[in-house]
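A quick write-up on the structure given underneath.
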Amino acid sequence: MKDWAKFFYNSGQWHHVRDYVMKRDAYLCQDCLAKNKITPAEEVHHIIPLAPENITDPSITLDENNLVSLCRECHRARHGREKRYEVDEFGRVTIKQ
C-alpha cells in the first residue's frame, strides 16, 4: 500500500464497502468466474485506479460500481504484475528471478 493511500485503506468506510463488495460477489474472483473457474476472492480491486489526485473522491474510492472482488493472481494481472513464484508438478515452490 502506498503511503498516500494508508489513511483511506485503514478507514471504516473502506472496510465497510470492501465487505459489501465481497458479499455481493459471493466471495468469488470475478475474473476467474468469467473463465468458468471457481476461485475464492481475496482482494477488492478499484477498476479506475486510485491516485493521489482522486483518493478523496468517494465516487472513485467507495463506489461499488468501481470495485470488483478478485483472487491475488488476477489482482496482480490487472495491475500488470506477474506471479513471483512457480509450483512444479511435485508441489515445490520456486521464486522467479
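What follows draws every value from the coordinates through simple rules; no lab data is involved. None of the values given here were measured: they were computed from a predicted structure. Cβ: placed from backbone, ideal geometry, glycine included. Neighbour counts: every protein chain shown.
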(request) Apply the Karplus parameterisation 6.51 cos²θ - 1.76 cosθ + 1.60, with θ equal to phi minus 60°, to every residue of region 59-76 and state each ³J(HN,Hα) to the nearest whole Hz, in sequence, with x for glycine and proline. (result) 5, 9, 6, 10, 6, 4, 6, 9, 10, 8, 7, 9, 6, 4, 4, 5, 5, 4
(request) Just the number, please: Stokes-Einstein D of region 1-58 in µm²/s, Kirkwood Rh from C-alpha pairs, 37 °C, 0.692 mPa s. (result) 258
(message) Compute the angle between helix 12-24 and the longest alpha-carbon principal axis of the chain, please, reported from 0 to 90 degrees and rounded to the nearest 10.
(response) 50
(request) Before anything else, pin down the relative contact order of the chain: Cα pairs under 8 Å, at least 6 apart, normalised by residue count, whole percent. (result) 25
(request) No other cysteine beta carbon under 4.7 Å away is the test; run it over the chain and list who passes. (result) Cys74
(message) Can you compute the FRET efficiency between His46 and Val93 using 1/(1 + (r/R0)^6), with r the Cβ-Cβ distance and R0 = 25 Å? Round to the nearest 0.05.
(response) 0.30
(request) Tell me the Kirkwood hydrodynamic radius of the chain in angstroms, computed as one over the mean inverse distance between distinct C-alpha pairs. (result) 14.7
(message) For a quick check: sort Thr61, Thr94, Thr39 by the number of other beta carbons within 10 angstrom, fewest at the front.
(response) Thr94, Thr39, Thr61
